[in-house]
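Each remark here refers to the structure printed beneath this line.
Each value in this text was obtained by applying a stated rule to the coordinates, not by laboratory testing. Quick caveat: nothing in here was measured; it's all calculated off a predicted structure. Neighbour counts run over all protein chains shown; Cβ positions are idealised from the backbone, glycine included.
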């Protein structure tokens, strides 16, 4: 069975963020780290080469594939900030409608810059993800 590419590493979050060339994206990344740490209570950790995750959970699929993933995470990408959150469908639609300017793709939420969204709504998404992961075990 293939090994999961997204695994927790010992790489430095600070060093990774310092490689972000765009000053707005770098500043937004630092703000998101602070928001996610204060909201989740988990320290930021690198997952793979470019995802900053908070907390972790173990999953097992019906196929037998299993692994560990961050509870909530984000990544500064060329297009903006990509958020990895897990929300119930109804809750997701409600919060996305209130969030502000964003795009969605698969399970991800893409935000060009933080000033485009409502931070209290983003915080609700983070809180809901943590709650959903804790209750889904």
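For the reader, a short list of remarks on this structure follows.
- Residue exposure sequence - 133, 65 - by fewest surrounding Cβ within 10 Å: 65, 133
- A helix-only calculation puts the chain at -12000 deg cm²/dmol for mean residue ellipticity at 222 nm, using -39500 (n - 2.57) for each DSSP H run of at least four residues, averaged over all residues.
- Comparing 28, 62, 116 in a Gaussian network model of the chain (Cα springs below 10 Å), the most mobile by mean-square fluctuation is 62.
- Three-way shape call for segment 40-110 based on the alpha-carbon gyration tensor, with the a/c threshold at 1.5: oblate
- 46, 36 arranged by Cβ crowding within 10 Å, fewest neighbours leading: 46, 36
- Cα centroid of segment 76-137 to Cα centroid of segment 1-62, whole Å: 15
- For the chain, the relative contact order comes to 21 percent (Cα pairs under 8 Å, sequence separation of at least 6).
- Shape class for segment 11-57: oblate, because the ratio a/c of the largest to smallest gyration tensor axis (alpha-carbon atoms, square roots of eigenvalues) is 1.5 or more and b/c is at least a/b.
- Relative exposure of 39, 104, judged by other C-beta atoms within 10 Å (fewest first): 104, 39
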